[in-house]
Structures are given as structure tokens and as C-alpha cells.
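Down below is the structure, laid out as C-alpha cells.
The values are calculated or read from the model by the stated rules, or taken from the named source; none is laboratory data. Note that the coordinates shown come from a computational prediction; the quantities given were computed from them, not determined experimentally. All Cβ positions, even for glycine, are placed from backbone atoms using ideal geometry, and neighbour counts span all protein chains on display.
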Amino acid sequence: MRLYYHPASTCSRRVLLAAHHLDINLELALVDLFKGEQHALEFLKLNPNHQVPVLEHEGFVLSESYAIMQYLADTTLGQTVYPVAPRERADVNRWLFWCGQHFMPGLAILNWENSIKTLAGIGAADPAEVARGESLLIKAATVLNQHLDGREWICDSGLSIADFAIAAPLADQHRAKLPVADLPHVQRWLKQVQALNCWKGTETQRP
Ligand SMILES: N[C@@H](CCC(=O)N[C@@H](CS)C(=O)NCC(=O)O)C(=O)O
């Protein structure tokens, strides 16, 4: 299986976490977002949305990080991070959708303004955008913090791809200046995810 990715892409990181945990060896193909390679015609045939990650598996091409994590789990015998019991699976799906719909919008703004712009050398953060990102993210992260109060993992079925999905973009909490430092349950849970082998094993694939 080949994964088109970029080391600064938190969406790629969540796929890498899932693959490492599932013991799937991905062939990594760098798409240099800083050089604009996501706009190349060849890449647009794989993903017309101009974005990584994209998985290629024996002629099957799949974009969208959450769908890729689900596919990796579904093709792994005996895995437990994407349960098959309908209600347990629905709960994992709920948090994957929540991540995309509620958590990522504010986080992506802050990641872009405070982190990626600096890494790519394309200028200073826009204060109005930073304020918009903070306001969106605080609302979502507060919901997550309350949910994690008294819970070991996000879903009661145990460690799941929802933990990978939501923890991955928090890796850059300091560089992206994410307003989550004062959320004790989020921080305690994140430390737990960061103690997993899959987290340590994918650290070198980051900038
Ligand atoms: N919904 C997509 C979002 C993917 C995404 O935002 N990818 C970013 C990197 S994390 C990207 O490739 N950005 C390049 C661009 O938009 O030009 C997913 O979950 O895979």
C-alpha cells in the first residue's frame, strides 16, 4: 500500500498512526505541499481536492483521512480499534465525524496561521483569522474535555481510530498555539496516546 503524504500534514499523521498500530507497512510517497505538488496534474488524478493523504492499494485509490483509517482497519484481521459491533462502531464513527465537522475547522485555521505559514515561510499570522480559529476551537475542545472526564479513551469500547484522528492534530499544540493547555482531561488523554508505540514510531515522519 502506498500513502501520498506530507510530514507537516496532521491528516497524514492520523493515517500513519493507524497504520503503525495495525502493523501495516505503508510505502510513503512525499507530496511536497510547500512546493505546490498537490496541484500537479498527475496528483489531481488521485485527489481532485488538491490534498493529502491519499492511499493507493492495488489500483484502488482512496482520499480522506478518516475513510483511509477505516479501510486500513477493515482490511486487518483481528483488529480492535474499529469495532464491528454496530453500536460500538457507530460511536467511533460519531467521533470521526465530530472531528471533521467540529474539531478540525478551528484547529486547521490555527495550524495554518501559527504553524504552517512559518514552516513554509509565507508570512505572519493574520490576527483576525487567529481569533476566529481560537473561538471555534475552544468550543469544540471544551466538549472533548468534558467527554474525557472519567474516560480512558474517547470511546468506551477502548482505544480506537477516533483517538488517533483527534490526537494527531494536537501534536502541534505548542507550535500552532492551540488554546488547549488548560483542558486537564484532554492533556491527560493526549499523554496516554503519546505513550503508545504508534505515536513514538511515527514521530520521525514529522517536521
Ligand atoms: N478532509 C481531508 C482534509 C485533508 C487536508 O486538509 N489536507 C491538507 C494537509 S493536512 C492538505 O493537503 N493541504 C494542501 C492544500 O490544501 O493545498 C482529510 O481528512 O483527508
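So here's what we get for this one:
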| item | result |
| --- | --- |
| Candidate set from segment 99-153 (those that are under 14 Å from PRO169 (Cα atoms) and among the aromatic types (Phe, Trp, Tyr)); member that is surrounded by the most Cβ atoms within 10 Å (Cβ to Cβ) | PHE103 |
| Per-region count, segment 175-207, residues modelled with pLDDT under 95 and surrounded by fewer than 21 Cβ atoms within 10 Å (Cβ to Cβ) | 8 |
| Flag for VAL84 being more than 18 Å from the chain's Cα centre (by Cα) and either within 20 Å of ALA165 (Cα to Cα) or outside the structural domain of VAL180 (by TED's automatic domain parsing) (or both) | yes |
| Some residue of segment 113-128 being more than 14 Å from the ligand (Cβ to nearest atom), part of a helix (DSSP H, G or I), at pLDDT 95 or above and β-branched (Val, Ile, Thr) | no |
| Listing of strands (runs of 3 or more DSSP E) fully contained in segment 13-98 that carry 3 or more residues being more than 12 Å from the ligand (Cβ to nearest atom), surrounded by fewer than 20 Cβ atoms within 10 Å (Cβ to Cβ) and in contact (Cβ under 8 Å) with a residue 12 or more places away in the chain | 27-30 |
| Check on ALA141, touching a helix residue (DSSP H, G or I) at 6+ places or on another chain (Cβ under 7 Å) and in the same structural domain as GLU27 (by TED's automatic domain parsing) | no |
| Condition met for ALA165 (modelled with pLDDT of 95 or more, among the hydrophobic types (A, V, I, L, M, F, W, C) and surrounded by fewer than 16 Cβ atoms within 10 Å (Cβ to Cβ)) | no |
| Filter result for the condition that a residue is under 24 Å from ASP163 (Cα atoms) and either touching a Leu at 6+ places or on another chain (Cβ under 8 Å) or outside the structural domain of ARG175 (by TED's automatic domain parsing) (or both), over ASP74, ASP91 | ASP74 |
| Filter result for ASP156 (surrounded by fewer than 14 Cβ atoms within 10 Å (Cβ to Cβ) and touching a His at 6+ places or on another chain (Cβ under 6 Å)) | no |
